[in-house]
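The values are calculated or read from the model by the stated rules, or taken from the named source; none is laboratory data. Just so it is clear, the model here is predicted, and its values are computed rather than measured. Note that each Cβ is placed from the backbone with ideal geometry, even for glycine, and that neighbours are counted across all protein chains shown. Surface accessibility is based on the protein's heavy atoms, side chains included, excluding ligands, DNA and RNA. Shrake-Rupley method; radii C 1.70, N 1.55, O 1.52, S 1.80 Å.
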There are 2 protein chains.
Amino acid sequence: MAGIKDVAAHAGVSVATVSRVLNGHSGVREDTRARVLAAVSALRYRPNALARSLRTDQTRTLGLVISDVLNPFFTELARAVEDAARSRGYSVIIGNADEQVALQDHHVRTLLDRRIDGLLVSPAEGDSVALREAAVSGIPMVFVDRWIEGLDVPLIRADGRGAVRELVAHLYALGHRRIAIITGPVASTTSNERVRAFRSALCEFGLPLPEHYIGQGDFQTASGRQAAEAFFTLPEPPEAVFATDNLMALGVMDQLRTLGLRVPEDVALAAFDDIPWFLHTDPPITAIAQPTQELGHRAVAALTDLVEWGSPRTPSGEGCAGSVTLSAHLIARRSCGEDERTRR
Amino acid sequence: MAGIKDVAAHAGVSVATVSRVLNGHSGVREDTRARVLAAVSALRYRPNALARSLRTDQTRTLGLVISDVLNPFFTELARAVEDAARSRGYSVIIGNADEQVALQDHHVRTLLDRRIDGLLVSPAEGDSVALREAAVSGIPMVFVDRWIEGLDVPLIRADGRGAVRELVAHLYALGHRRIAIITGPVASTTSNERVRAFRSALCEFGLPLPEHYIGQGDFQTASGRQAAEAFFTLPEPPEAVFATDNLMALGVMDQLRTLGLRVPEDVALAAFDDIPWFLHTDPPITAIAQPTQELGHRAVAALTDLVEWGSPRTPSGEGCAGSVTLSAHLIARRSCGEDERTRR
DNA sequence: GGTGCCCGTGGAATCGATTACATCGCACAT
DNA sequence: ATGTGCGATGTAATCGATTCCACGGGCACC
């Protein structure tokens with residue numbers, strides 16, 4: 001493959017000059033520039049990004065580590081991140097952690113070895129040595145959606161507490177009193193927030209949350225199935241189930257189907273994270289929607305600010321400097337029962 | 001950040017020795033090795049992958065360019081590819097072309113600039129200069145699922161013709177006679193194959209395929225919606241619709257819903273590509289399933305063979321050397337109507 | 001006509017690794 | 001005692017770019 005030297009030779013100039021025209025530096029005579037450009041296309045020359053990055057110490061590449069690509073929420077997020085990054089002249093390398101800290105750390109280290117300019121992470125649950133090291137190493141880094149307590153890293157997320165309260169109100173209005181929840185991994189920040197908001201909303205309505213109405217999940221489909229199975233072997237099963245992510249909601253539906261239970265007649269179902277398919281399930285599923293696109297865009301904005309300015313440009317009220325909190329909202333459909341709002 | 005020189009200095013050896021222990025070369029005394037390793041962890045040294053790749057001319061990285069990340073078929077494929085690659089010691093960089101040739105070419109060029117070792121592509125429809133150039137440039141390359149005619153590149157795919165015939169038989173058995181299809185982009189190889197198989201199966205059953213029963217789509221949700229809209233303003237609308245991918249099927253359902261049409265009572269619906277949500281739609285959707293995981297694994301196997309051996313190791317019967325053809329199969333659910341097999 | 005300056009260009013160091021080749025010391029055979 | 005060979009290690013070239021600095025020539029000004 002042709003290198004810069006070949007181009008220089010072909011154009012009868014030095015490599016320095018070739019480099020100058022390629023990088024749009026001024027101070028190159030017009031005819032020289034033309035000759036160089038001609039040589040470039042004659043040889044189909046493309047600069048070696050590795051060599052360039054080695055020298056300039058920047059890759060114009062962002063790393064994105066997400067916990068599960070198969071989760072539509074994250075793939076939509078990844079898509080938004082990629083778009084935003086590209087429009088700013090960055091590429092994105094995605095690592096899929098599959099909810100495993102070990103895999104996540106593997107990706108973080110690989111990305112760092114490649115000298116990415118910045119790191120965007122939605123950390124899996126658990127103690128991540130690689131992330132702690134990265135955070136103190138000073139590499140530009142921001143969390144999206146999920147975060148790790150105690151690290152001084154900006155966080156871009158949607159606050160779901162208001163929407164969870166709305167959801168509980170909605171369920172209450174429809175007459176449900178025995179309401180269960182399926183959580184994410186125990187130490188998951190997002191799951192915990194959702195559970196806390198849920199608990200306090202129930203409390204507000206004077207409803208209990210017995211231990212056996214808390215299903216321990218892990219944000220994966222199978223755990224939703226298991227939790228549902230447990231609920232419906234209870235002497236007094238719940239009237240409504242709230243799954244704290246969409247994959248677990250899918251698992252619940254799977255299980256309900258094999259149990260022969262109907263939604264919403266036999267049990268109401270709601271999920272955190274809205275996805276296009278929820279419109280077409282039987283019945284359409286009530287869900288809490290996050291502003292996924294905006295999350296992705298804001299995250300990239302925050303990260304590139306960090307990369308290019310060395311510090312967040314957007315001041316923040318609470319939390320770590322540069323953090324942004326948007327809000328989620330409830331989309332009521334038919335899976336919790338009908339009321340004036342949802343009846344068509 | 002610490003470099004190999006710092007490690008060498010700290011351990012009191014030369015950089016060559018450090019490099020030797022890091023790469024597991026023999027001929028280093030045990031105590032020296034220990035000192036180096038100690039220095040490595042004392043300084044938290046991590047080798048610079050850019051420098052290493054520049055020198056060795058290999059990145060142990062594969063590029064994957066897919067046409068749409070938001071399509072569950074491709075995200076599942078990407079996931080399988082990443083797994084297979086990782087287990088062979090490669091990383092994967094994913095580029096999302098969003099069905100646009102320009103974007104696809106952008107990604108191909110970016111990946112090539114980064115000197116990836118091999119390229120896996122599921123090309124979008126249209127004439128891709130970058131892909132043609134890549135193919136002749138001799139970089140290891142394989143197509144998955146979709147391909148470009150006339151390029152001598154191994155192809156890993158599933159043959160859907162048998163399954164399409166099965167589907168038509170299924171529809172026929174359920175009494176449907178006016179059957180419509182929604183195609184992908186005109187020049188799409190996969191779409192064309194599906195359409196051809198569909199047409200010949202209809203013919204086999206003595207059914208016509210009038211022009212107005214062919215909806216021109218582009219593998220995206222919106223086009224499914226539009227095609228359905230066109231079908232149902234026809235004086236004699238179809239009794240069954242076959243969408244050649246899952247996103248367009250989603251669009252059809254959207255449109256059917258706004259039209260107030262029921263599936264399968266008013267119209268039957270089937271899709272190419274099975275996804276987990278099809279089990280839970282209203283009604284569950286009959287679909288043709290591809291062995292997605294295996295497609296991904298085989299593709300990586302073929303590509304790494306090419307990278308490491310310089311030529312395909314697996315001989316192939318037909319088509320380009322190294323090509324693999326698996327087969328898809330029909331999964332009958334309730335969206336086309338009930339028969340003994342699907343009635344529960 | 002000499003001095004100084006700017007413009008366009010080339011030479012060479014540099015980024016951080018790998019690796020061919022040189023070197024050194026030591027044991028062993030002659 | 002000296003040559004030989006081998007094992008362990010160091011020196012320096014190299015990959016392909018960027019960029020600092022130097023150089024030469026033309027022009028303006030004194």
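Data overview
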item	result
Boolean, B:R115 is under 25 Å from B:T304 (Cβ atoms), near DNA strand D (Cβ under 9 Å from one of its atoms), touching a helix residue (DSSP H, G or I) at 6+ places or on another chain (Cβ under 9 Å) and within 11 Å of chain A (Cβ to nearest Cβ)	yes
Hits in the stretch A:255-281 (condition: open to solvent by less than 10 Å² (accessible area, probe 1.4 Å), touching a residue at least 60 places away in the same chain (Cβ under 8 Å) and over 16 Å from A:I181 (Cβ atoms))	A:I275
Scope the stretch A:215-244; condition of a type in the set (A, V, I, L, M, F, W, C) and within 14 Å of another protein chain (Cβ to nearest Cβ); matching residues	A:A222, A:A228, A:A243
Given (1) within 13 Å of DNA strand C (Cβ to nearest atom); (2) open to solvent by less than 40 Å² (accessible area, probe 1.4 Å); (3) within 13 Å of chain A (Cβ to nearest Cβ); (4) not acidic (D, E), index of the condition B:G95 fails	(1)
Filter pass, A:V252 being open to solvent by 10 Å² or more (accessible area, probe 1.4 Å), among the hydrophobic types (A, V, I, L, M, F, W, C) and within 13 Å of chain B (Cβ to nearest Cβ)	no
Which listed residue, of B:G24, B:G126, is away from chain A (no Cβ under 14 Å), within 16 Å of DNA strand D (Cβ to nearest atom), of a type outside the set (A, V, I, L, M) and more than 22 Å from B:W309 (Cβ to Cβ)	B:G24
B:L70 more than 16 Å from DNA strand D (Cβ to nearest atom), over 21 Å from A:Q104 (Cα atoms) and open to solvent by 20 Å² or more (accessible area, probe 1.4 Å)	yes
Top-ranked residue in the stretch A:1-49 [being more than 13 Å from DNA strand C (Cβ to nearest atom) and of a type in the set (G, A, S); ranked as most open to solvent (accessible area, probe 1.4 Å)]	A:S41
Selected residue (criterion: farthest from A:L111 (Cα to Cα)) from residues of the stretch B:53-67 that are more than 9 Å from DNA strand D (Cβ to nearest atom) and open to solvent by 20 Å² or more (accessible area, probe 1.4 Å)	B:Q58
